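Working notes, beginning with the structure itself.
The values are calculated or read from the model by the stated rules, or taken from the named source; none is laboratory data. For clarity, every value in this text was computed on a predicted model and none was experimentally measured. Cβ: placed from backbone, ideal geometry, glycine included. Neighbour counts: every protein chain shown.
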Amino acid sequence: MLNEALQYAQENQERFLTEMKEVLTIPSISTDPDHKPDMEHAAQWMAAQLRSIGMENVQVLPTEGHPVVYGEWLHAAPKAQTVMIYGHYDVQPPDPVELWSTPPFEPAVRGDDLFARGSADMKGQLLAALKAVESVMKTGSFPVNLKWLIEGEEEIGSEHLDDFIKDHKELLGCDFCLNMDAGVMGADQPSITTGLRGLAYYELKVYGPKKDLHSGLFGGIVHNPAQALAELIAGMHDKKGRITLPGFYDSVRKLSKKERKDFARLPVDKKMYLEQTTAPALWGEPNFTPQERLGARPTLEVNGLLSGFTGPGSKTVLPAWAMAKISCRLVPDQTPKETTRQLKKYLKAHASKDITWELTYLHGAGAALVSTDSPALKAMTKAFQSTWGKEPYLLREGGSIGVVVQLQKRLGVDSLLTGFGLPDCDAHSPNEKLHLPTWSKGIDTLISFFYNLAGE
């Protein structure tokens with residue numbers, strides 16, 4: 001039945017695209033309370049899609065925030081695997097809107113690309129899974145059991161998803177999760193993500209005098225909080241780019257020879273990173289390649305700085321306080337809790353006595369690794385080979401996806417991470433786009449994957 005399903009997908013490409021455009025018109029911006037009705041609209045749209053392709057027990061389930069969409073199909077042969085397909089229907093705000101070539105919620109096809117907010121991250125990815133499942137369902141019996149977990153808070157940290165999973169363990173029980181919130185390395189470079197870094201995010205405030213002071217009258221006798229903060233931040237790395245927090249690397253796993261071989265196989269080089277970043281030179285630990293530093297080494301980054309007078313013109317003040325937003329990307333087996341202790345220990349040891357400081361932990365997530373020997377990964381590898389004509393690259397991403405760790409923790413299941421967005425899709429930026437030929441190949445890949453998983 002594989003060929004019939006692939007033919008169905010080919011014959012219905014135009015309708016698939018029309019339906020994707022329809023959901024992309026819904027401004028389901030999870031961070032903005034004014035768009036709560038749009039969030040409900042998007043959830044109901046997803047539920048209607050699940051019903052239309054033959055899913056059962058479809059529900060829009062409430063959380064303390066935005067709802068979760070659930071559906072299932074559990075009629076596969078005895079001992080067939082149960083796959084949970086994860087996705088999210090919320091999107092980032094479109095700002096700055098004036099930089100969009102066409103309105104962000106009016107999908108527009110230009111050349112081979114579909115431009116709209118959410119096209120790549122991740123309504124388009126979710127539609128690829130929906131349409132792959134539809135193609136199999138409409139041409140035969142589905143070879144494995146299915147469950148769907150579609151949330152509306154991924155873009156705001158999946159704040160209520162962990163409690164939802166904990167409260168619905170039996171409903172969500174499965175063998176593994178197919179997570180489409182990733183991408184491929186290029187239009188001719190299929191890839192599967194086998195690891196994600198975790199995250200620990202902080203706000204650090206440094207205080208000096210109780211109010212801003214005249215820098216002429218008091219400069220030189222009061223330690224400027226902006227300077228004190230800069231001194232603390234500067235000391236968090238050594239000259240080789242290593243992080244100096246006490247014990248920071250104690251839990252970091254060494255890369256195996258096989259892992260380093262997988263990193264070396266990736267079709268990337270320094271020139272590519274320089275072109276992507278437009279930086280004058282690369283920076284970081286000299287004993288690791290750029291791709292190893294991105295996927296398997298922890299980081300500490302300053303995400304923002306604020307202090308004193310920043311308006312036009314001049315105002316000679318010695319500021320009362322200074323603030324920095326700091327994030328750490330974590331690798332197995334680091335944890336946000338451990339990193340918080342290390343950061344506080346560093347601050348206690350290095351902050352001078354003429355200032356005070358306050359560290360606030362904002363949010364975080366653990367790192368995740370997926371076995372490269374799992375049946376699911378082997379089935380997806382075979383699907384990429386048959387559709388793309390080449391073996392996919394295995395890579396570890398530098399970013400974080402909270403649900404992967406939550407499913408490991410609450411259900412004891414791993415996630416298979418893939419997707420069909422390209423590196424230049426501009427997710428979260430103006431003019432976000434989805435490359436339609438790659439998206440179509442993605443649907444075919446998923447159809448083959450489901451049959452491979454069942455051994456057919």
- Item | Pair list, Cβ under 6 Å, 6 or more apart: segment 52-75 residue without any contact (Cβ under 8 Å) to a residue 60 or more places away in the chain and more than 15 Å from Ser30 (Cα to Cα), other residue of a type in the set (Asp, Glu) and assigned to a strand (DSSP E or B) | Glu56/Glu72; Asn57/Glu72
- Enumeration of residues in segment 258-300 that are of a type in the set (Ser, Thr, Tyr) and outside any strand (DSSP E or B): Tyr273, Thr277, Thr278, Thr289
- Here the residues within segment 4-23 that are touching a Ser or Thr at 6+ places or on another chain (Cβ under 9 Å) and of a type in the set (S, T, N, Q) are Gln7, Gln10, Asn12, Gln13
- Check on Leu407, under 20 Å from the mean Cα position of the chain (by Cα), in a strand (DSSP E or B) and touching a residue at least 12 places away in the same chain (Cβ under 8 Å): no
- Item | Residue in segment 414-424 that is farthest from the chain's Cα centre (by Cα), counting only those that are touching a residue at least 40 places away in the same chain (Cβ under 8 Å) and surrounded by fewer than 22 Cβ atoms within 10 Å (Cβ to Cβ) | Asp414
- Among Thr381, Thr360, Thr356, the single one that is farther than 30 Å from Tyr201 by Cα and touching a residue at least 24 places away in the same chain (Cβ under 8 Å) is Thr381
- Considering only residues that are among the polar types (S, T, N, Q), loosely packed, with under 11 Cβ neighbours inside 10 Å and on the phi < 0 side of the Ramachandran plot, look in segment 253-286 and name the one that is modelled with the highest pLDDT. Ser256
- Item | Filtered residues of segment 163-210 (kept if of a type in the set (Val, Ile, Thr) and within 17 Å of Thr82 (Cβ to Cβ)) | Ile165
- Restricting attention to strands (runs of 3 or more DSSP E) lying wholly within segment 39-134, give those where 3 or more residues are in contact with a helix residue (DSSP H, G or I) (Cβ under 8 Å, 6 or more places away or on another chain) and hydrophobic (A, V, I, L, M, F, W, C). 56-61, 68-73, 82-88
- Only one of Ala116, Ala128, Ala132, Ala120 is touching a Pro at 6+ places or on another chain (Cβ under 7 Å), among the aliphatic types (A, V, I, L, M) and touching a residue at least 60 places away in the same chain (Cβ under 8 Å), namely Ala116
- Task: Determine, yes or no, whether Gly235 is in contact with a Leu (Cβ under 7 Å, 6 or more places away or on another chain), over 26 Å from Gln291 (Cβ atoms) and surrounded by fewer than 16 Cβ atoms within 10 Å (Cβ to Cβ).
- Result: no
- Query: Quick one: would you say Ala43 is modelled with pLDDT of 95 or more, more than 23 Å from the chain's Cα centre (by Cα), surrounded by 17 or more Cβ atoms within 10 Å (Cβ to Cβ) and not basic (Lys, Arg)?
  - Reply: no
- Criterion: in contact with a Gly (Cβ under 9 Å, 6 or more places away or on another chain), without any contact (Cβ under 8 Å) to a residue 40 or more places away in the chain, farther than 24 Å from Lys345 by Cβ and not assigned by TED's automatic domain parsing to the domain that holds Lys344 - qualifying residue of Pro290, Pro267: Pro290
- Query: Of the residues that make up segment 86-99, is at least one free of Cβ contacts under 8 Å to residues at least 60 places away in the same chain and within 20 Å of the chain's Cα centre (by Cα)?
  - Reply: yes
- Out of the residues in segment 301-353 that are in a helix (DSSP H, G or I) and without any contact (Cβ under 8 Å) to a residue 24 or more places away in the chain, state the one that is nearest to Gly198 (Cα to Cα). Lys337
- Query: So Leu199 clears everything in (1) in contact with an Asp or Glu (Cβ under 9 Å, 6 or more places away or on another chain); (2) outside any helix (DSSP H, G or I); (3) within 30 Å of Tyr89 (Cβ to Cβ); (4) not aromatic (Phe, Trp, Tyr) except one condition, right? Which one?
  - Reply: (1)
- Query: Filtering segment 371-404 down to residues that are in a loop (DSSP other than H, G, I, E, B) and either of a type in the set (S, T, N, Q) or not assigned by TED's automatic domain parsing to the domain that holds Glu151 (or both), which residue is modelled with the lowest pLDDT?
  - Reply: Ser400
- Message: Report every pair of residues separated by at least 6 positions or lying on different chains whose Cβ atoms are under 7 Å apart, first residue within segment 201-213 and over 26 Å from Gly399 (Cα atoms) and in contact (Cβ under 8 Å) with a residue 40 or more places away in the chain, second of a type in the set (Val, Ile, Thr) and crowded, with 17+ Cβ neighbours inside 10 Å.
- Response: Val206/Ile355; Tyr207/Ile355; Gly208/Ile355; Asp212/Val317; Leu213/Val317
- Message: Can you list residue pairs whose Cβ atoms sit under 6 Å apart, with the first residue in segment 429-448 being more than 21 Å from Phe105 (Cα to Cα) and not assigned by TED's automatic domain parsing to the domain that holds Thr418 and the second being of a type in the set (Asp, Glu) and outside any helix (DSSP H, G or I)? Count only pairs 6 or more apart in sequence or on different chains.
- Response: none
- Just give me the residues in segment 236-250 being in contact (Cβ under 8 Å) with a residue 60 or more places away in the chain and assigned to a loop (DSSP other than H, G, I, E, B), in sequence order. Met236, Thr244, Leu245, Pro246, Gly247, Phe248
